[in-house]
Amino acid sequence: MANNGLESSLEQTLLKPGCTQAEIEEMCTKAAQTKMHGVCVPPFFVPAAKKALENSDLEIITVVGFPFGYNNINTKAEETKKAISDGATEIDMVMNISAFKSGMINHVADGIDSIKTLCGMNDLPLKVIIESGILTQKEIILAAEICADKEVDFVKTSTGFIGHGATIETVSLLRNILPKTIKIKASGGIKDAQTAQAMLAAGADRIGTSAGFTILEL
């Protein structure tokens with residue numbers, strides 16, 4: 001099995017369209033036998049995950065505005081409220097990439113600020129997904145600066161659904177830009193322990209992956 005440093009950084013993820021409650025419950029049961037950080041599940045299955053993990057310390061992570069991010073601010077806020085009431089303990093929100101690429105920077109910042117406020121009121125960390133695989137380097141830097149200004153808890157590289165996912169170069173760039181108080185979640189295309197370790201060495205603090213059990217050789 002991989003070392004505890006790697007294990008505790010992993011968020012075992014199941015967000016594929018068509019995933020079933022039985023699959024979510026099986027994943028949670030298996031994850032509960034490890035020292036992973038948590039599981040990342042669709043909003044609809046947060047209650048099922050909460051029940052499956054009722055005797056576990058694992059975090060229940062869910063997504064907001066997933067996977068494209070172009071939901072309006074009020075919709076994301078309601079998604080967040082529902083997720084929290086259902087038992088989510090961490091929120092991964094997709095930035096409004098369409099607004100960002102349209103130059104509507106204030107709108108993007110306001111959207112992040114809204115969800116950050118909701119999470120803060122409930123003592124939950126917020127991870128903002130910037131979808132780096134479809135951003136230029138200049139855009140990645142600007143997105144990171146917006147996140148830093150709003151003092152989010154994490155910047156997450158990717159949804160895993162669009163573009164090429166996490167890269168060592170992007171993680172390193174984010175680590176150089178972001179203040180130390182903001183952590184990095186590398187996600188998208190991380191399928192083995194060597195890649196996961198490389199992401200952590202580049203500056204990531206958390207690894208989002210559907211291959212957590214494979215990485216831990218379970």
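From I73, I97, I84, grab the single residue that is surrounded by 15 or more Cβ atoms within 10 Å (Cβ to Cβ), closer than 24 Å to S9 by Cβ and of a type outside the set (D, E, K, R).
Details: I73 fails: closer than 24 Å to S9 by Cβ; I97 fails: closer than 24 Å to S9 by Cβ.
Only one candidate qualifies: I84.
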Exercise. Considering each of A193, A143, A211 in turn, give the residue that is touching a helix residue (DSSP H, G or I) at 6+ places or on another chain (Cβ under 7 Å) and within 24 Å of C28 (Cα to Cα).
Key: A193
Quiz item: Does the range 80-95 contain any residue that is in a loop (DSSP other than H, G, I, E, B), farther than 28 Å from D192 by Cβ, of a type outside the set (G, A, S) and out of contact with any strand residue (DSSP E or B) (no Cβ under 7 Å at 6 or more places or on another chain)?
Solution: no
Exercise. Go through (1) without any contact (Cβ under 8 Å) to a residue 60 or more places away in the chain; (2) among the hydrophobic types (A, V, I, L, M, F, W, C); (3) touching an Asp or Glu at 6+ places or on another chain (Cβ under 7 Å) one by one and return the number of the condition L14 breaks.
Key: (1)
Quiz item: within 27 Å of N106 (Cβ to Cβ) and part of a loop (DSSP other than H, G, I, E, B): does that describe T170?
Solution: no
Quiz item: Scanning for something at pLDDT below 95, in a loop (DSSP other than H, G, I, E, B) and within 22 Å of M104 (Cβ to Cβ), does the range 151-167 turn up at least one residue?
Solution: yes
Quiz prompt | Complete set of residues in the range 16-67 that are within 17 Å of G208 (Cβ to Cβ) and among the aromatic types (F, W, Y) | solution = F45, F66
Exercise. Determine whether the range 176-186 contains at least one residue that is buried (at least 19 other Cβ atoms within 10 Å of the Cβ), over 19 Å from L6 (Cβ atoms) and of a type in the set (S, T, Y).
Key: no
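Restricting attention to the range 21-48, which residues are assigned to a helix (DSSP H, G or I), farther than 20 Å from F161 by Cβ and either polar (S, T, N, Q) or touching a residue at least 12 places away in the same chain (Cβ under 8 Å) (or both)?
In the first step, residues of the range 21-48 are kept if they are assigned to a helix (DSSP H, G or I); the result is 21-31, 43-48.
Narrowing the set further to residues that are farther than 20 Å from F161 by Cβ leaves 21-22, 25-26, 28-31, 47-48.
Answer for the range 21-48, where residues must be assigned to a helix (DSSP H, G or I), farther than 20 Å from F161 by Cβ and either polar (S, T, N, Q) or touching a residue at least 12 places away in the same chain (Cβ under 8 Å) (or both): Q21, E25, C28, T29, K30, A31, P47, A48.
Step by step: first the residues of the range 173-205, then only those that are part of a loop (DSSP other than H, G, I, E, B) and free of Cβ contacts under 8 Å to residues at least 24 places away in the same chain, then the one that is nearest to E217 (Cα to Cα). Which residue is that?
Of the residues in the range 173-205, the ones part of a loop (DSSP other than H, G, I, E, B) are 178-182, 188-192, 203-205.
Next, only the ones that are free of Cβ contacts under 8 Å to residues at least 24 places away in the same chain stay: 180, 192.
On the way: K180: 31, D192: 10 Å.
Top of the filtered list is D192.
The values are calculated or read from the model by the stated rules, or taken from the named source; none is laboratory data. Just so it is clear, the structure is predicted and the values come from calculations on it, not from any experiment. Quick reminder, even Gly has a Cβ in these numbers, built from the backbone with ideal geometry, and neighbours come from all protein chains shown.
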